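The values are calculated or read from the model by the stated rules, or taken from the named source; none is laboratory data. This is a predicted model, so every value here is computed, not measured. Cβ coordinates were reconstructed from backbone atoms using ideal geometry, including for glycine residues, and neighbour counts include every protein chain displayed.
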Amino acid sequence: MTGDNGGRVCTGSRWLTPATCVAFGGAVLLAGWLGGQLVTGLIGLVVMACFGLVIAVSGRSETIRGLRGDARDERFAQIDLRATAATGLVLIVVLVVAFLVEVARGHSGNPYAWLGAIAGLTYALSVAVLRWRG
């Protein structure tokens, strides 16, 4: 939810991110259990729950509050946008390198080719939609 809170934009409860961490940890546990790797699933759950706990109890840090979503403002929205773009760029470079390594090893390059194609199509579609909208 978005609302005005004394000039600050509030995008959600301070418990949303920690709860999401625990939910993803539960998904890792379920996937590990279904795949016959229960220990890996348990480790994933513990790591995600611990990360969620750190996010929940680190209330004085502006960075943590921004990640958690309870102290977001325009400045943090710009920081988030830049961080997301940097993350996407790094992942695309990693996909291209992984694809090239797989092809050089004589393999098909999948799933890296598919992931790279999805990333490229998403970027092109996003540029087109954002240009059309504004």
Fill in the blank from the handout: Per the list (1) closer than 24 Å to residue 18 by Cα; (2) surrounded by 13 or more Cβ atoms within 10 Å (Cβ to Cβ), residue check on residue 63 breaks on (2)
Handout entry: residue 106, sole failed condition from (1) at positive phi; (2) buried (at least 16 other Cβ atoms within 10 Å of the Cβ)
Key = (2)
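So which of 130, 95, 91 ends up being loosely packed, with under 14 Cβ neighbours inside 10 Å and in contact (Cβ under 8 Å) with a residue 24 or more places away in the chain? Spell out the reasoning first.
Values: 130 fails: in contact (Cβ under 8 Å) with a residue 24 or more places away in the chain; 95 fails: loosely packed, with under 14 Cβ neighbours inside 10 Å.
Only one candidate qualifies: 91.
Is it the case that the range 76-91 has a residue that's more than 19 Å from the chain's Cα centre (by Cα) and assigned to a helix (DSSP H, G or I)?
Of the range 76-91, the ones more than 19 Å from the chain's Cα centre (by Cα) are none.
Taking every residue of the range 76-91 in turn, none turns out to be more than 19 Å from the chain's Cα centre (by Cα) and assigned to a helix (DSSP H, G or I).
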Problem - Breaking point among (1) assigned by TED's automatic domain parsing to the domain that holds residue 55; (2) modelled with pLDDT of 90 or more, for residue 116 - result: (1)
Fill in the blank from the handout: Scanning the range 25-41 residue by residue, the ones that are more than 20 Å from the chain's Cα centre (by Cα), small (Gly, Ala, Ser) and surrounded by fewer than 14 Cβ atoms within 10 Å (Cβ to Cβ) total 2
